[in-house]
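Everything on this sheet refers to the single structure shown next.
The values are calculated or read from the model by the stated rules, or taken from the named source; none is laboratory data. As the structure is a prediction and not an experimental result, all values here were calculated from the model. Because the Cβ atoms are built from the backbone with ideal geometry, glycine has one as well, and the counts that use them run over all protein chains shown. Ligands, DNA and RNA are excluded from the accessible area calculation, which covers all protein heavy atoms including side chains. Shrake-Rupley method; radii C 1.70, N 1.55, O 1.52, S 1.80 Å.
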Amino acid sequence: MVKMTTPTVTPSSLTIRSILEKEKLSGANFLHWFRQLRIVLKLEKKDYVLDEPISEEIPTNAAKALKDAQAKHVNDSTEVACIMLKTMTPELQKTFEFHEAFEMIEQLRFMFQVQAKQERFETLNAFIGCRMVEGSSVSAHVLKMKAYVEQLARLGFPFEDGLANNVIRDSLPKSFNQSVIKFTIND
């Protein structure tokens, strides 16, 4: 039997949860909703339930630490599933009301994968097409390029470091000092 505990909700997590109240998941806004959900769950240290399914039942003779970890995962998943349901349209709520968080997000990703592919395409084009303007900040430009790389990885399209560095290096003006480029990119 899994022991249920009362969720800990801090004032800061209540405040940040309000971002999910502004716009219910309706389908067309899945990627935006998902980013907002991740922000809230990251603050609450519960974002792992979107990436890890609840492990199978553990034996009764398992170590206490394993039992506690399993119970925490179940509790966190239940709380996250409720947060997710609360921020969906009634039609989606009916579809997912009996799902746990990981299962729910996997099915939502499948339902809205065309939208994700479009975002991946647009992000990739922005990354490859991005060029630093002569005289602007190289640090700001590299941070912008790294953000594209991170976004692509979140969308299931990771770049190897060497390839990402080459694209970033190629986005800089030809007049840029090559020794500074190596230092900036590798920092």
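Just so you know, in segment 156-175 the residues that are polar (S, T, N, Q) and in a helix (DSSP H, G or I) include one that is farthest from ASP51 (Cα to Cα), and it is ASN166. Just so you know, in segment 6-31 the residues that are closer than 17 Å to GLU119 by Cβ and surrounded by 13 or more Cβ atoms within 10 Å (Cβ to Cβ) include one that is modelled with the lowest pLDDT, and it is GLY27. Give me the residue from segment 131-155 that is farther than 15 Å from ASN166 by Cα and part of a loop (DSSP other than H, G, I, E, B) and, out of that set, least open to solvent (accessible area, probe 1.4 Å). Residue satisfying both the conditions and the ranking: LEU155.
In segment 156-175, the residues that are closer than 28 Å to LEU31 by Cα reach residues that are open to solvent by 80 Å² or more (accessible area, probe 1.4 Å) with C-beta atoms within less than 7 angstrom, at least six apart or across chains, in these pairs: VAL167/ILE128; SER171/ARG131. Pairing each residue of segment 42-64 that is open to solvent by less than 60 Å² (accessible area, probe 1.4 Å) with any residue that is among the basic types (Lys, Arg) and not in a loop (DSSP other than H, G, I, E, B), provided the two are 6+ apart or on different chains, yields C-beta distances under 8 Å for ASP47/ARG38; LEU50/ARG38; ILE58/LYS67. Here's a check for you: in segment 63-114, which residue that is within 18 Å of ARG35 (Cα to Cα) and polar (S, T, N, Q) is modelled with the lowest pLDDT? Out of the qualifying residues, it is GLN113.
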